[in-house]
Each structure stands twice: as structure tokens, then as C-alpha cells.
Amino acid sequence: MSILKREYNKAKTDKNSGFGTNANSYGGRFVNKDGTANVEKRGMHFLHRISWYHTMINMPNWKFMFILFAFYIIINFIFAIIYHAIGIEHLDGVAATGSVLNQFGQAYFFSAQTFTTVGYGHISPTGFLTSALSAAEALIGLLSFAIATGLFFGRFSKPTAYIKFSDNALISPYGENKGLMIRLVPFKNTNFTDANAKITLAMSIEEDGEMTNKFYSLELELDHINALSLSWTLVHPITEESPFYNFTAEDFKKTHGEILVFITTFDDMFSNTVAARTSYTFNEIIYGAKFETMYEKSRDNSKTILYLDKLNKINPINFN
């Protein structure tokens with residue numbers, strides 16, 4: 001450990017990481033693989049610490065559509081129960097001689113027509129309570145569709161960094177030494193310019209008998225490129241100034257650490273700067289491997305072919 005401490009001391013610590021230094025107060029990783037903070041907030045009512053707008057905007061498409069359909073079915077079911085409780089005779093057009101299930105079904109579809117303000121006219125409300133309920137439902141329907149439309153637009157127009165990171169970081173040959181390498185690639189038909197990268201190393205180190213979180217900004221071979229069109233391999237040369245200097249494969253297994261990756265780039269379609277984040281714990285670092293090339297020229301030499309399925313293709317290497 002004393003050797004490792006000397007190597008750590010050669011590297012410049014990062015005072016602006018945004019994370020605390022008390023290792024005993026942290027559980028798990030700092031940043032999840034999808035870039036979100038690995039933090040669970042408590043001490044305040046659930047409704048006060050949840051932004052429903054952000055939740056609905058960021059959730060997966062299947063879950064968003066499921067919630068919309070579930071809401072539509074459930075609210076019409078509730079209104080159908082109320083219509084049926086008031087009395088089916090107050091819905092002109094519903095046969096009073098049919099079965100209860102058939103009557104409830106017609107009340108449900110009348111509710112759906114009212115909620116969507118379609119109003120086919122086959123069934124109409126009679127009486128004050130039924131008319132008031134249908135008027136209230138029509139208002140709720142208009143407001144609900146306005147909210148749903150706004151959410152659809154927000155999800156569709158939200159600036160997003162369509163960037164995928166390699167599943168693992170690598171320790172690979174770099175010049176006469178070694179380097180930490182992480183690969184990323186834009187995977188949709190977007191145009192990214194002015195891409196910037198920053199990598200921060202977080203490690204738990206024992207100091208004065210206590211475990212402390214230390215953060216180091218890792219110098220990159222290239223931290224800015226003018227255009228992000230192909231794959232980009234982030235390379236941190238492991239020199240004497242690197243906290244990884246003289247690190248072995250066994251050191252990565254025994255040390256608790258995490259590599260935080262931050263990417264910002266300009267998307268000319270959104271005309272906005274977008275960001276992507278991820279992290280790699282030390283057990284997600286492969287010691288002794290290199291990435292395969294992801295692109296090559298086409299057969300007619302007219303364009304460059306980028307193979308997205310090769311993002312995680314690696315070849316093992318034996319270090320001397």
C-alpha cells in the first residue's frame with residue numbers, strides 16, 4: 001500500500017468533483033452506467049422530491065405508453081362506475097332490458113366518447129347529475145390530452161446525446177507504456193461538433209487509519225475534437241504523473257475505485273449542447289486488451305463504414 005500511496009501523491013487531486021471525501025458515507029458506485037447519480041433521496045415526502053415532468057420525460061418509451069393507456073382505461077372505468085351508480089336510465093340510448101354487464105359496457109364506451117370529446121350521439125346524458133358528470137369528464141379529458149400532447153412533444157424534442165460507451169474500459173499498450181482506454185460512438189443520424197471529454201478517477205484510500213475518497217482528473221491524450229462522426233477512444237497515458245502508474249492487474253482487483261466519464265458536445269439539429277455520462281468500477285476494467293477498429297472504407301472507396309456492433313470488440317494482449 002505504501003508504494004501505491006506514493007504513486008497517488010504524484011497525481012493532482014480534483015477538488016471540484018462534487019462528491020464527498022468520507023468513504024464511509026458512500027455505498028456502491030458514484031455514477032450508474034446510464035449516467036445518473038447513484039443517490040436515493042429521503043427525508044422529504046415522496047410527492048415533494050419527485051418531479052413528475054422529468055419522470056415522464058425520461059422514462060422508457062414502453063413504460064410511458066403503458067402509463068398513458070393504463071390511465072385512459074382506468075379513468076373511463078371509474079366514470080363508467082359512477083354513471084352506472086347514478087342510474088343507467090339517465091343515459092338515453094342504453095337499453096334498460098339488457099344484462100348488467102352489457103349496460104356497464106355501454107356506460108364505459110359512453111365515458112370514452114365523452115372523455116375524448118368524440119360524442120357519436122348514440123347515447124346522451126339526461127338529468128342534472130349525469131349531465132354535470134359528463135361535462136366534468138369532458139373538461140378532464142381536454143386537460144389530460146393537453147398534458148399528454150405536451151409530454152409527447154417534450155420527449156420528442158428533448159436534446160439527447162445519442163452516444164454509447166463501451167461496456168468496459170481497457171488497460172492497453174500505448175507507446176512504450178500503457179494507457180487507460182474508453183471508447184464511445186454516436187449511434188444515430190446526428191451531427192455532433194465540438195466534443196469535449198473529461199475523466200475523473202475516484203478511489204478509496206486509507207489515510208490516518210480512515211478510508212477517504214480521493215478524486216483525480218486524468219489527463220487525456222485528446223480531450224477535444226472538432227467533429228464526433230466516428231468512434232472516439234479516450235486515452236489516458238499512464239505516466240509517472242498518473243495515479244495508475246505501476247498499477248498491476250492485481251491492484252485493480254484489490255482497490256476500490258471508479259472512473260467517471262463526462263462528455264459534452266454540440267448537436268446542430270437541436271442547436272444545443274448535450275451531455276452524456278457513464279462510469280466504470282475497477283472490476284469493469286479489462287487489464288491487457290485493445291479495441292478492434294470500428295470503421296473502414298467502403299468497397300468502392302466512396303464512404304466510410306462505421307460498424308456499431310463492434311463497439312465492444314476487443315482483442316486480449318499479454319503485457320511483458
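The values are calculated or read from the model by the stated rules, or taken from the named source; none is laboratory data. As the structure is a computational prediction, the values presented were derived from the model and not from experiment. A quick note on method: Cβ atoms are made from the backbone with ideal geometry, for glycine too, and the neighbour counts reach across all protein chains shown. These area figures cover heavy atoms from the full protein model, side chains too; ligands, DNA and RNA do not enter into them. Shrake-Rupley method; radii C 1.70, N 1.55, O 1.52, S 1.80 Å.
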Problem set entry | Matching residues, region 115-147, being within 17 Å of GLY87 (Cα to Cα) and of a type in the set (S, T, N, Q) | SER124, THR126, THR130, SER131, SER134
Problem set entry | Options ILE205, ILE182: the member that is farther than 21 Å from ASN32 by Cα, part of a strand (DSSP E or B) and in contact (Cβ under 8 Å) with a residue 12 or more places away in the chain | ILE205
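Quick one: is ALA197 over 23 Å from LYS310 (Cβ atoms) and small (Gly, Ala, Ser)?
no
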For this session: Tally the residues that are open to solvent by 40 Å² or more (accessible area, probe 1.4 Å) and among the hydrophobic types (A, V, I, L, M, F, W, C), restricting the search to region 227-248.
Result: 2
For this session: Of the numbered conditions (1) at pLDDT 90 or above; (2) not in a helix (DSSP H, G or I), ALA112 fails exactly one; give the number of that condition.
Result: (2)
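In region 115-144, which residues are in a loop (DSSP other than H, G, I, E, B) and either among the hydrophobic types (A, V, I, L, M, F, W, C) or under 15 Å from ILE73 (Cβ atoms) (or both)? I'd like the intermediate steps shown before the answer.
Taking region 115-144 as the starting set, the residues that turn out to be in a loop (DSSP other than H, G, I, E, B) are 116-123, 126-127.
Answer for region 115-144, where residues must be in a loop (DSSP other than H, G, I, E, B) and either among the hydrophobic types (A, V, I, L, M, F, W, C) or under 15 Å from ILE73 (Cβ atoms) (or both): THR116, VAL118, ILE123.
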Problem set entry | Filter pass, PHE66 being under 30 Å from PHE153 (Cα atoms) and open to solvent by less than 60 Å² (accessible area, probe 1.4 Å) | no
Exercise. If PRO173 satisfies every condition in (1) in contact (Cβ under 8 Å) with a residue 60 or more places away in the chain; (2) open to solvent by 40 Å² or more (accessible area, probe 1.4 Å); (3) not in a strand (DSSP E or B); (4) not small (Gly, Ala, Ser) but one, which is the exception?
Worked result: (3)
Seminar exercise, completed: Restricting region 304-320 to residues that are in contact (Cβ under 8 Å) with a residue 40 or more places away in the chain and closer than 23 Å to ASN226 by Cβ, the one surrounded by the most Cβ atoms within 10 Å (Cβ to Cβ) turns out to be LEU311
Exercise. Residues of region 297-320 being assigned to a loop (DSSP other than H, G, I, E, B), within 28 Å of VAL31 (Cβ to Cβ) and among the basic types (Lys, Arg), which ones?
Worked result: LYS313
For this session: Mind checking which strands (runs of 3 or more DSSP E) fall wholly inside region 218-293 and carry at least 3 residues that are in contact (Cβ under 8 Å) with a residue 60 or more places away in the chain?
Result: 232-238, 257-267, 272-281, 285-287, 289-291
For this session: Only one of these is more than 18 Å from VAL31 (Cβ to Cβ), open to solvent by 10 Å² or more (accessible area, probe 1.4 Å) and of a type in the set (A, V, I, L, M, F, W, C): MET294, MET269. Name it.
Result: MET269
Exercise. What is the number of the single condition among (1) surrounded by 14 or more Cβ atoms within 10 Å (Cβ to Cβ); (2) under 29 Å from the mean Cα position of the chain (by Cα); (3) closer than 26 Å to ILE57 by Cβ that PRO159 does not meet?
Worked result: (1)
Problem set entry | Residue within region 93-101 that is of a type outside the set (Phe, Trp, Tyr) and in a helix (DSSP H, G or I) present | yes
Exercise. Which numbered condition trips up ASN301, out of (1) open to solvent by less than 80 Å² (accessible area, probe 1.4 Å); (2) farther than 20 Å from PRO186 by Cβ?
Worked result: (1)
Exercise. Which condition number does ASP167 fail, the rest of (1) in contact with a strand residue (DSSP E or B) (Cβ under 7 Å, 6 or more places away or on another chain); (2) modelled with pLDDT of 95 or more; (3) of a type in the set (D, E, K, R); (4) open to solvent by 30 Å² or more (accessible area, probe 1.4 Å) being met?
Worked result: (1)
